[in-house]
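J.: Following this message is one structure expressed as structure tokens.
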Amino acid sequence: MPRPPVVARTLPALRRALDDLRRRNATVALVPTMGALHDGHLSLVRLAKRRATRVVVSVFVNPTQFAPHEDFGSYPRTWKADMAKLATENVDLIWNPDVKTMYPEGFATRIGVEGPAVAGLEDRFRPHFFGGVATVVGKLFLQVRPDVAVFGSKDFQQLRVVTRMAADLDTGVKVIGAPTIRERDGLAMSSRNVYLTPEQRAVAPTLYRAMKETAKLLKAGKSAEAALAVGAKLITEAGFALDYLEARHADTLAPVRSIKDGPIRLLVAAKLGNTRLIDNVAV
Ligand code: PAF
């Protein structure tokens, strides 16, 4: 039987647990999550274990990164299953604050983000999102004071935003991006995949296939405009409502015209019914 990890729900309990963990010069890795854990999250935990002697996983569905019309209320909450998975991974500590602990009465401070946060990708469709992410991740970094923090690459713009924020605010936290974990048919693992109907689930891998096709055309020397037009057609013909399919510089997120402007990252967001999926691939 795996040993259940320590769970802290208040700041004093977190501090006590962290003091305990830090004895004997331990290094600490933080894996921030919103729960509803899948194999993608567990791959982050495994990477964290290779980078530090102790692993803390935060489980907090952060209201400030959801707009009022989005799925904060219905976001999957699977605490018991999450606990069992984290116990199997031998996680040391779970930080599971409630909303009042993170945002007490009178809370009035937010981290403002620019640069990669205003690249015209997710921010065009979810203008509230990166401010909310940066604020909660900034708080998590201050609360846990980890040596490293591991984020998935599926939210590629988010990874760029938190990397920038960690450096700009001199947090001393090394942000590590972990590869996207995919289902066998190529669909990127996501807590929101549970929203898909069986019919939508069958169509969903088209997103990855279309990005691979677009990447192939870019590598063969086609212009970004021509390659993206082919990818966008594949996606819309499969029944998605496309928010964007873009070719950007992998570091700066600036638009690119061809493979010569690389390294390129292809980024996509599209809706199947009410479910919005995002994904990206390196070219
Ligand atoms: O990627 C996520 O799950 C969330 O945006 C994060 C980083 C845990 C912040 O709430």
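The values are calculated or read from the model by the stated rules, or taken from the named source; none is laboratory data. Just so it is clear, the structure is predicted and the values come from calculations on it, not from any experiment. Ideal geometry is used to build each Cβ from the backbone, glycine not excepted, and the neighbour counts take in all protein chains shown. Side chains are part of the model used for accessible areas, which takes the heavy atoms of the whole protein and leaves out ligands, DNA and RNA. Shrake-Rupley method; radii C 1.70, N 1.55, O 1.52, S 1.80 Å.
J.: Would the stretch 71-88 turn up any residue that is farther than 21 Å from Ala17 by Cβ, surrounded by 19 or more Cβ atoms within 10 Å (Cβ to Cβ) and either touching a Gly at 6+ places or on another chain (Cβ under 8 Å) or in contact (Cβ under 8 Å) with a residue 40 or more places away in the chain (or both)?
T.: no
J.: Thr53 passes all but one of (1) within 10 Å of the ligand (Cβ to nearest atom); (2) out of contact with any helix residue (DSSP H, G or I) (no Cβ under 6 Å at 6 or more places or on another chain); (3) among the hydroxyl-bearing types (Ser, Thr, Tyr); which number fails?
T.: It is condition (1) that Thr53 fails.
J.: Does Leu18 satisfy being over 23 Å from the mean Cα position of the chain (by Cα) and crowded, with 19+ Cβ neighbours inside 10 Å?
T.: Yes, satisfied.
J.: Has the stretch 128-138 got any residue that is under 22 Å from Leu242 (Cβ atoms), at pLDDT 95 or above and open to solvent by less than 40 Å² (accessible area, probe 1.4 Å)?
T.: Within the stretch 128-138 (the criterion being under 22 Å from Leu242 (Cβ atoms), at pLDDT 95 or above and open to solvent by less than 40 Å² (accessible area, probe 1.4 Å)), the answer is yes, since at least one residue qualifies.
J.: Here is a follow-up. With the structure loaded, tell me whether Ala270 is buried (at least 21 other Cβ atoms within 10 Å of the Cβ), among the small types (Gly, Ala, Ser), under 18 Å from the mean Cα position of the chain (by Cα) and farther than 17 Å from Pro116 by Cα or whether it fails that test.
T.: yes
J.: Name every residue in the stretch 176-201 that is over 19 Å from Ile278 (Cβ atoms), free of Cβ contacts under 8 Å to residues at least 40 places away in the same chain and not in a loop (DSSP other than H, G, I, E, B), in order of residue number.
T.: The answer is Pro198, Glu199.
J.: Counting only residues that are of a type in the set (Gly, Ala, Ser) and open to solvent by 50 Å² or more (accessible area, probe 1.4 Å), which one in the stretch 164-199 is nearest to the chain's Cα centre (by Cα)? Please lay out each step first, then the result.
T.: We begin by selecting, within the stretch 164-199, every residue of a type in the set (Gly, Ala, Ser); these are 166-167, 172, 177-178, 186, 188, 190-191.
Next, only the ones that are open to solvent by 50 Å² or more (accessible area, probe 1.4 Å) stay: 167, 172.
Working: Ala167: 18, Gly172: 20 Å.
My answer is Ala167.
J.: Only one of Leu30, Leu21, Leu44 is touching a residue at least 60 places away in the same chain (Cβ under 8 Å), hydrophobic (A, V, I, L, M, F, W, C) and away from the ligand (no atom under 14 Å from the Cβ). Can you tell me which?
T.: Checking each option against the conditions leaves just Leu21.
J.: While we're looking at this one, here's another question. Could you list, in sequence order, all residues of the stretch 139-163 that are part of a helix (DSSP H, G or I) and more than 15 Å from the chain's Cα centre (by Cα)?
T.: Those that are part of a helix (DSSP H, G or I) and more than 15 Å from the chain's Cα centre (by Cα): Lys139, Phe141, Leu142, Gln143, Val144.
J.: Is it the case, given these coordinates, that Ala119 is of a type outside the set (Ser, Thr, Tyr), away from the ligand (no atom under 16 Å from the Cβ) and touching a Leu at 6+ places or on another chain (Cβ under 6 Å)? Explain how you work it out, then say what you get.
T.: Values: of a type outside the set (Ser, Thr, Tyr): yes; away from the ligand (no atom under 16 Å from the Cβ): yes; touching a Leu at 6+ places or on another chain (Cβ under 6 Å): yes.
In short, yes.
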